[in-house]
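Rule-based calculations on the coordinates, nothing more; no lab input. Quantities reported herein were computed from a predicted structural model and do not represent experimental measurements. Cβ: placed from backbone, ideal geometry, glycine included. Neighbour counts: every protein chain shown.
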Amino acid sequence: MPEEQNARIKWLKKLKNKYRLVVMNDDTFEEKLSFRLSRLNVFIAIGSVSILLIFATTYIIAFTPLREYIPGYTNMKLSKESYINALKVDSLKQEVKSREVYLNNIKMIMEGKVITDPASKQTKDTSIKYNTITIKKSKEDSILRKQIESENKYDLSSQDLTMDATDLPNINTSISNFFYFTPLKGIVINGFDAVKQHYGVDIAGKKDDIIKSVLDGTVIFSNWTLETGYIIGIQHQHNLISVYKHNSALLKKAGDYVKAGDPIAFIGNSGELSSGPHLHFELWYNGNPVNPKDYISF
């Protein structure tokens with residue numbers, strides 16, 4: 001023990017030993033600069049400069065436009081402008097096409113030709129006598145209907161598909177004005193089906209693809225479940241909730257505030273109900289599931 005203490009004391013003394021760094025003229029040996037240093041002072045100076053550089057780099061990346069060059073971040077304003085421009089281009093194409101039809105009709109009128117409506121060229125199929133068709137409910141069909149109705153009778157999360165369209169809340173006009181960011185670019189391998197209680201869409205993507213938030217909001221759930229694996233849910237404005245399931249890893253925790261386009265998870269194959277790397281994405285409005293494909297282009 002005394003030998004170890006003596007070694008430590010000698011090591012500390014070496015760190016505090018003073019040295020002089022002299023800068024001299026090679027021809028005249030005239031002393032230009034002189035510094036009085038120690039090993040400890042050099043270590044402290046180098047460490048301080050390193051911490052300062054790390055802090056400056058982190059600040060530049062986090063609070064300047066340079067972060068757009070980092071994989072996972074994107075320019076939300078540019079994406080929105082691109083989407084709006086695409087809609088304008090499509091509208092211009094339709095307008096040009098309608099004007100061509102209009103000018104062509106005027107030309108035919110001036111030439112004395114008869115204008116024919118393309119819809120009038122369609123011939124009606126008379127081979128099938130629709131008046132003789134009778135629809136009868138089979139015994140199997142009635143049993144299946146009763147089974148489905150009994151399963152969804154007390155399900156508060158599913159919509160009543162037997163209701164008239166005028167009785168349902170006008171969901172489309174309420175949330176269709178939002179600008180949704182695409183959570184994952186890929187192929188939709190399984191669509192929305194409320195009857196089968198599949199309240200979202202399954203999107204297949206590449207390994208380690210980043211999943212992003214569709215809108216600004218607050219994370220209300222970020223955890224692992226046995227059936228759906230790593231799942232994250234985000235509360236948005238106007239009672240809208242987005243849910244992302246079967247992730248391989250989560251980047252946000254409950255209570256975090258995220259913006260549209262922010263990375264929130266990695267695509268994965270977690271949970272018992274997953275059969276391959278994909279994202280199961282759901283949208284819930286006022287407690288009811290809606291079809292994400294009606295609002296987002298994947």
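Convert each backbone phi in region 90-101 into a coupling constant with the Karplus relation 6.51 cos²θ - 1.76 cosθ + 1.60 (shift: θ = phi - 60°), then list the ³J(HN,Hα) values in order as whole Hz, x for Gly and Pro.
So the J values, rounded to whole Hz, are 5, 5, 5, 4, 5, 5, 4, 5, 5, 5, 5, 5.
Given 196/293; 88/206; 146/185; 88/293, which pairs have Cα atoms separated by over 28 Å?
As for pairs spanning more than 28 Å Cα to Cα, those are 88/206; 146/185.
Round to the nearest 0.05 the FRET efficiency obtained for residue 55 and residue 253 when R0 = 25 Å and r is the Cβ-Cβ distance.
0.55
If I model a spin label at residue 237 and residue 12 as a point 7 Å from the Cα along the Cα→Cβ vector, what separation in nanometres do I get?
Label-label distance for residue 237 and residue 12, simple model: 6.1 nm.
What FRET efficiency would be calculated for the residue pair residue 91, residue 293, taking the C-beta separation as r and a Förster radius of 22 Å, to the nearest 0.05?
0.55
Can you tell me how much longer the chain between residue 43 and residue 5 gets when fully stretched, taken as 0.36 nm per residue apart minus their C-alpha distance, in nm with one decimal?
Gain in length upon complete extension: 11.4 nm.
Between residue 197 and residue 146, what is 0.36 nm times their sequence separation minus the Cα-Cα distance? Round to one decimal in nm.
Net length gain for the segment: 16.7 nm.
For the pair residue 138/residue 208, report the inter-label distance in nm, with labels modelled 7 Å from Cα in the Cβ direction.
5.2
Expressed in whole Å with the largest first, what are the equivalent ellipsoid semi-axes of region 171-294 derived from the C-alpha gyration tensor as the square root of 5 times each eigenvalue?
They are 20, 17, 13 Å, listed from largest to smallest.
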